[in-house]
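The structure appears right after this line, and notes come after that.
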Amino acid sequence: MGHLSQANFVPLNIAVLTLSDTRDFDTDKSGQFLEDSLLAAGHKLADRRIIKDDKYQIRAVLSEWIASDNVQVVITTGGTGFTERDSTPESVAVLFDKQIEGFGELFRHITFTELGTSTVQSRAIGGMANRTAIFCLPGSTGACRTGWNKILVEQLDSTHKPCNFVTHLKPVEA
């Protein structure tokens, strides 16, 4: 019955990871958007970091959060394009126990209506690792807005029907 919705809203502990060689907390509009949005939805910010787009740094931070008893969801922003430095999908996918194929597919479907064929350059992915949901979004604030408002806000809401990810996540102490 893990796919069924719960009657009451369950706030989740969500970590946000910005992958950028140039942004800091003053200039990270995408990470700030995600933080503001998850808090406005009633969730808790478990952690927020900005690191360089380096596969070993990405894996180190994600592995820490995946192993943590306090982080249930991770949302990354950045590093999903085709430049030489973009390595998020390759860095993260090896950590998944299961891939959430539908996340990237739906993200690209939605962004097709906004960007047309340029959406084929989006390498947004999602997956589960140690009962932690991980969603990797592009670095633009618009892409984060699309991913949050049109997919994640509902899928991370325990009252969303017919199903959501909440019952698949590791429990945390209140």
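The values are calculated or read from the model by the stated rules, or taken from the named source; none is laboratory data. Fair warning: this is a prediction, and the values are worked out from it, not measured in the lab. Cβ: placed from backbone, ideal geometry, glycine included. Neighbour counts: every protein chain shown. All accessible areas refer to the heavy atoms of the entire protein, side chains included, with ligands and DNA or RNA removed. Shrake-Rupley method; radii C 1.70, N 1.55, O 1.52, S 1.80 Å.
Based on the Kirkwood radius over alpha-carbon pairs, what is the Stokes-Einstein translational diffusion coefficient of the stretch 18-107 at 37 °C with 0.692 mPa s viscosity, in µm²/s? Please report the intermediate quantities before stating the final value.
Numbers: Rh = 14.1 Å.
Once the numbers are plugged in, D ends up at 233 µm²/s.
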Read phi for every residue in the stretch 37-50 and hand back ³J(HN,Hα) as whole Hz from Karplus 6.51 cos²θ - 1.76 cosθ + 1.60, θ = phi - 60°, with x for Gly and Pro.
5, 5, 5, 5, 7, x, 8, 10, 7, 6, 5, 8, 9, 10
Helix-only estimate, please: 222 nm mean residue ellipticity of the chain, summing -39500 (n - 2.57) across DSSP H runs of length 4 or more and dividing by its residues, to the nearest 500.
-9000 deg cm²/dmol
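Return the loop-located GluC sites (Glu not before Pro) in the stretch 20-89 (DSSP other than H, G, I, E, B) with at most 11 other Cβ atoms within 10 Å of their own Cβ; answer none if there are none. Walk me through the numbers before you get to the answer.
Numbers: sites: GLU35, GLU64, GLU84; in loops: GLU84.
The qualifying sites are GLU84.
Only Lys, Arg, Asp and Glu count, each charged at its Cβ (+1, +1, -1, -1), so figure out the dipole size of the stretch 13-165 about its Cα centre, rounded to 20 debye.
Working: 16 positive and 20 negative charges, 46 e Å.
Charge dipole of the stretch 13-165: 220 debye, to the nearest 20.
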Distance from the Cα centre of the stretch 11-44 to that of the stretch 121-174, in angstrom?
13 Å
Accessible solvent surface per residue of the stretch 13-165, calculated while the other protein chains remain in place, 1.4 angstrom probe, Å²
46 Å²
Heavy-atom accessible surface of the stretch 22-170: percent carbon and sulfur, 1.4 Å
53 percent
Using the 2.2 N^0.38 Å rule of thumb for compact globular proteins, work out how the stretch 59-106 stacks up: its C-alpha Rg over that value, please.
1.23
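Could the peptides 65-72, 120-127 be put in order, highest first, of the mean number of other beta-carbon atoms found within 10 Å of their residues?
On the way: 65-72: 18.2, 120-127: 19.9.
So the order, starting with the most tightly packed, is 120-127, 65-72.
May I ask you to work out the translational diffusion coefficient for the chain at 10 °C, viscosity 1.306 mPa s, via Stokes-Einstein with Rh from the Kirkwood sum over Cα pairs, reported in whole µm²/s? Kindly include the intermediate steps, with their values, before the conclusion.
Values: Rh = 16.0 Å.
Answer from the Stokes-Einstein relation: 99 µm²/s.
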In debye, nearest 20: dipole of the stretch 108-174 around its Cα centre with unit charges on the Cβ of K, R (+) and D, E (-)?
140 debye
